[in-house]
Structures are given as C-alpha cells and as structure tokens.
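*Asks:* The structure under discussion is supplied below as structure tokens; questions concerning it will follow.
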Amino acid sequence: DIWGRRSTLLLGLMCNAIVGVLSVGARNATDLCILRFILGVGLGMVIAGVVTLCAEVSPPSKRGRFMTLVASCYTLGFLYTAFWALIIFRGSGSGNWRLFMFINALPTIVAASLVMMFVPESPRFFLCRGKTKEAVHVSNVIATRMGYVDKLLTEEELTQYLSQSKRIGDASYCAKDAIKSHETVETSDAVVEENLLREVWLSLVGIKQLFANGMFRSTIPLQMSYFSLTLMTGVMQWWTKVFQMLDLQTDAYVLSFYHTLAQIPGMMLAAGLIDSVGRRRLGE
C-alpha cells in the first residue's frame with residue numbers, strides 16, 4: 001500500500017531469481033537454509049503483489065475467473081518442478097541437483113522480465129496515493145487493451161469522484177490532500193520518507209478492521225480455508241513416505257508429476273464456474 005503492487009511484485013521476483021541462481025553455488029545445507037529464508041521473503045512479496053494486482057485490474061464481472069486462472073498457475077509451477085525432477089533425478093541420480101535449482105530459477109527470471117515490460121501499476125494504488133494523473137493514465141491503458149476506446153476516463157471525472165468519495169485513501173496523507181484540493185498532489189521523496197513509518201504503522205493497525213464489528217466471522221473462516229488448502233498441498237510432499245509405509249512400490253518422481261497434473265482439470269472447472277455459481281457456493 002506504500003510502495004505499490006507492481007514494485008512489490010518486481011522486488012519479490014528479482015529477489016527469488018537472484019536467490020535461485022545463488023542456490024546453484026550453495027556449499028552446504030546452511031547456505032541453502034539461509035537462501036531459502038530470503039526466498040520466503042521474496043515469495044511473500046510475490047503473493048501479495050500478484051493477488052492484489054489481479055483483484056484490482058480485473059473487470060468486476062470476470063474477477064473470480066481471472067483470479068482463479070492466475071492462482072491455477074501455482075499448480076502449473078508445481079507441475080514444472082515435478083517434470084524436471086522426473087527428468088533430472090530419475091535418470092541421473094542426485095548429482096545434478098544444482099542443475100535442478102537453476103532450471104527452477106528460470107521461470108522467475110522470465111516472470112520478472114514480463115512484469116517489467118507489460119504489467120502496469122494498479123490504478124487503485126495511484127488513486128489511494130492521491131496521484132490522479134497516473135491513475136487516469138493506467139486506467140486508460142488497461143481499458144484500451146480490453147478494447148474500450150470510445151470513451152476514456154478523464155482526470156476531471158476522477159477528481160469529481162474523489163471529492164464525493166471521502167473514504168478513498170483514509171490511511172494516506174497524499175490522497176487526503178488530493179481529495180481536499182481536488183487536484184493531484186505531487187509529493188517529494190523527503191515527504192514520502194517522512195510519512196513512511198507513520199503510514200506503515202497505520203497499515204498495521206488497520207489490520208484490526210478485518211476483525212472488528214463482526215468482520216471476524218468472515219475473516220477467520222476465510223483464513224482457515226486458505227490454511228487448510230496449504231495443508232492439502234503440503235501432504236503431497238510426503239506421499240512417498242506414506243506409500244513406503246504401506247509397502248507399495250512407487251516411483252516418487254512419476255507420482256509427484258501425475259499427482260500435480262490431476263489438479264489442473266479441477267482448477268479449470270472452478271475458473272469456469274466461479275462467476276456463475278458464486279464464490280461461497282463453489283467453495284462449499
């Protein structure tokens with residue numbers, strides 16, 4: 001909410017790309033643990049950036065489908081990893097683990113390049129920062145890509161909306177100034193840095209709104225839903241151990257590949273139904 005969705009996403013992707021390449025040269029398990037810790041920081045940035053950007057630039061009528069399709073690429077990433085594990089480890093043993101690490105870093109490098117070239121910042125982020133000119137420009141870029149070229153948004157229309165919607169940017173001093181003055185507020189780096197810590201604090205304090213006034217009844221079940229999803233995905237890493245305990249002869253690499261592949265039809269089905277059936281009903 002302070003640096004921007006695109007900037008956060010790019011920083012996370014570049015962090016993961018660098019860590020992925022550095023992992024190739026890891027000397028021992030300690031080096032790998034340190035690098036994986038840094039990777040976790042980058043992963044958090046990527047998740048936050050992707051989810052927020054997708055939600056804010058998707059058309060409302062198709063938002064569920066767009067977000068589901070983006071989320072399904074997480075499964076495709078598992079499939080990519082499982083495929084290369086099957087190719088590298090099954091045929092030549094564990095001697096090529098460095099090659100495996102490098103190959104898995106390549107998609108992150110590609111993703112960072114694509115985001116840098118084609119993905120704009122969220123118009124809502126600019127709006128909440130009081131940068132109406134940038135918000136209008138990005139909104140029109142997205143609209144043009146979608147084929148809406150007849151009537152583009154103007155800064156005057158957005159300024160009028162700002163003056164009527166007082167709740168825009170409640171935690172942003174820049175946006176408040178923009179609403180009061182009805183014009184874009186240009187802030188220097190010094191002012192941004194001065195307000196940075198205060199806005200970080202306000203953002204952290206603002207999290208409590210997710211649980212206030214009865215909101216916890218929705219927030220906690222959604223959090224538990226995501227938690228349980230992670231548990232189900234995590235079980236996949238231990239299938240080999242489960243089958244060993246059952247005295248079943250299985251190929252761990254083939255099993256991992258097909259187990260991941262089996263998830264894709266369900267993801268595609270969910271993407272097709274979520275905007276027509278509904279989010280809650282489909283989740284049930």
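*Asks:* Based on the alpha-carbon gyration tensor of the range 57-138 and its eigenvalue square roots a ≥ b ≥ c, which shape applies: rounded if a/c is under 1.5, prolate if not and a/b is larger than b/c, or oblate?
*Replies:* prolate
*Asks:* I'd like the accessible area for Thr8: 1.4 Å probe, protein heavy atoms, all chains in place, Å² to the nearest 10.
*Replies:* The accessible area comes out at roughly 40 Å².
*Asks:* Which of rounded, prolate, oblate describes the range 20-97, given a ≥ b ≥ c as roots of the alpha-carbon gyration tensor eigenvalues and a/c under 1.5 marking rounded, otherwise prolate only if a/b is larger than b/c? Write down the numbers at each step before the final one.
*Replies:* Working: a/c = 5.17, a/b = 1.77, b/c = 2.92.
Since a/c reaches 1.5 but b/c is at least a/b, the shape of the range 20-97 is classed as oblate.
*Asks:* Could you state the accessible area per residue of the range 1-143 in Å², with a 1.4 Å probe and every protein chain left in place?
*Replies:* 53 Å²
*Asks:* Taking the alpha-carbon centroid of each part, what is the distance from the range 108-131 to the range 14-55 in angstrom?
*Replies:* The range 108-131 and the range 14-55 have Cα centres spaced 19 Å from each other.
*Asks:* Relative contact order, percent, of the range 1-110 when contacts are C-alpha pairs under 8 Å separated by at least 6 residues?
*Replies:* Dividing the mean separation by the residue count of the range 1-110 yields 38 percent.
*Asks:* With each label point set 7 Å from Cα along the Cα-Cβ vector, what nm distance links Tyr258 and Thr30?
*Replies:* With each label placed 7 Å out from Cα toward Cβ, I get 4.3 nm.
*Asks:* Here's a follow-up. Length gain on complete extension for the stretch Gln223 to Val141, per 0.36 nm per residue less the alpha carbon to alpha carbon distance?
*Replies:* 26.1 nm
*Asks:* For Met215 and Ser113 in one chain, what is 0.36 nm times their gap in residues minus the Cα-Cα distance, to one decimal in nm? Don't skip to the end; give the middle numbers.
*Replies:* Values: separation 102, 0.36 × 102 = 36.72 nm, distance 3.87 nm.
Taking 0.36 nm per residue and subtracting the Cα distance, the gain is 32.8 nm.
*Asks:* Once ligands and nucleic acids are excluded and a 1.4 Å probe is used, how much of Tyr74 is accessible, expressed in Å² to the nearest 10?
*Replies:* 140 Å²
*Asks:* Starting from 0.36 nm per residue, how many nanometres of slack lie between Trp239 and Phe89 once their C-alpha separation is accounted for?
*Replies:* 52.3 nm
*Asks:* How much solvent-accessible surface does Arg145 expose, in Å² to the nearest 10, with a 1.4 Å probe and all protein chains in place?
*Replies:* 150 Å²
The values are calculated or read from the model by the stated rules, or taken from the named source; none is laboratory data. This one's a predicted model, so the numbers in the text were calculated from it and none came from an experiment. Every residue, glycine as well, gets a Cβ built from its backbone with ideal geometry; the counts of neighbours run over all protein chains shown. Heads up: the accessible areas ignore ligands, DNA and RNA and are worked out on the full protein's heavy atoms, side chains in. Shrake-Rupley method; radii C 1.70, N 1.55, O 1.52, S 1.80 Å.
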